[in-house]
Amino acid sequence: MLDSSGWRFATPPRVSAIDEQSGVVRFRLVVNENGGVESVTSVSSTVSAAQEKLCRDALLAAHFVQVGISPRRTTGYYTFRFTIR
């Protein structure tokens, strides 16, 4: 889930669970005026360090498309949820 106005993912990131553990990881990301990701910072996590790294890497590789009017540079949040059954 992306919480940022003015931008959407060109292709939403997909990360598979690598642990037999349910959990959530939330990141703060900065998107530049061209839709590139400048930085990704974990703000909360209940997953393993390895799972968190896969999620972070997926966000760093992501690209955004402008929708409507958006600031030149914006900060948003993205949450990954993993449910193991």
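Ser45 versus (1) touching an Asp or Glu at 6+ places or on another chain (Cβ under 6 Å); (2) in contact (Cβ under 8 Å) with a residue 60 or more places away in the chain: which is the lone unmet condition?
Every condition holds for Ser45 apart from (2).
Out of (1) in contact (Cβ under 8 Å) with a residue 24 or more places away in the chain; (2) under 17 Å from Ala17 (Cβ atoms); (3) not in a strand (DSSP E or B), what's the single condition that is false for Lys53?
Tallying (1) in contact (Cβ under 8 Å) with a residue 24 or more places away in the chain; (2) under 17 Å from Ala17 (Cβ atoms); (3) not in a strand (DSSP E or B), Lys53 fails exactly one: (1).
Yes/no per residue for (1) touching a strand residue (DSSP E or B) at 6+ places or on another chain (Cβ under 8 Å); (2) under 20 Å from Arg85 (Cβ atoms); (3) crowded, with 16+ Cβ neighbours inside 10 Å:
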residue: Trp7; (1), (2), (3): yes, no, yes
residue: Glu33; (1), (2), (3): no, no, no
residue: Gly36; (1), (2), (3): yes, no, no
residue: Val40; (1), (2), (3): yes, no, yes
residue: Thr46; (1), (2), (3): yes, yes, no
residue: Gln51; (1), (2), (3): yes, yes, yes
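What do you reckon, is Ile84 more than 15 Å from the chain's Cα centre (by Cα), modelled with pLDDT under 95, loosely packed, with under 14 Cβ neighbours inside 10 Å and more than 21 Å from Gly6 (Cβ to Cβ)?
Considered against the rule, which asks whether it is more than 15 Å from the chain's Cα centre (by Cα), modelled with pLDDT under 95, loosely packed, with under 14 Cβ neighbours inside 10 Å and more than 21 Å from Gly6 (Cβ to Cβ), Ile84 comes out as yes.
Would you check which residues across the range 14-31 are under 13 Å from Arg81 (Cβ atoms), at pLDDT below 95 and of a type in the set (A, V, I, L, M) and list them?
Once the filter is applied, which keeps residues that are under 13 Å from Arg81 (Cβ atoms), at pLDDT below 95 and of a type in the set (A, V, I, L, M), the range 14-31 yields only Ala17.
The values are calculated or read from the model by the stated rules, or taken from the named source; none is laboratory data. Everything numeric in this text was worked out from a predicted model, so none of it was measured. We place every Cβ from the backbone using ideal geometry, glycine too, and count neighbours over all the protein chains shown.
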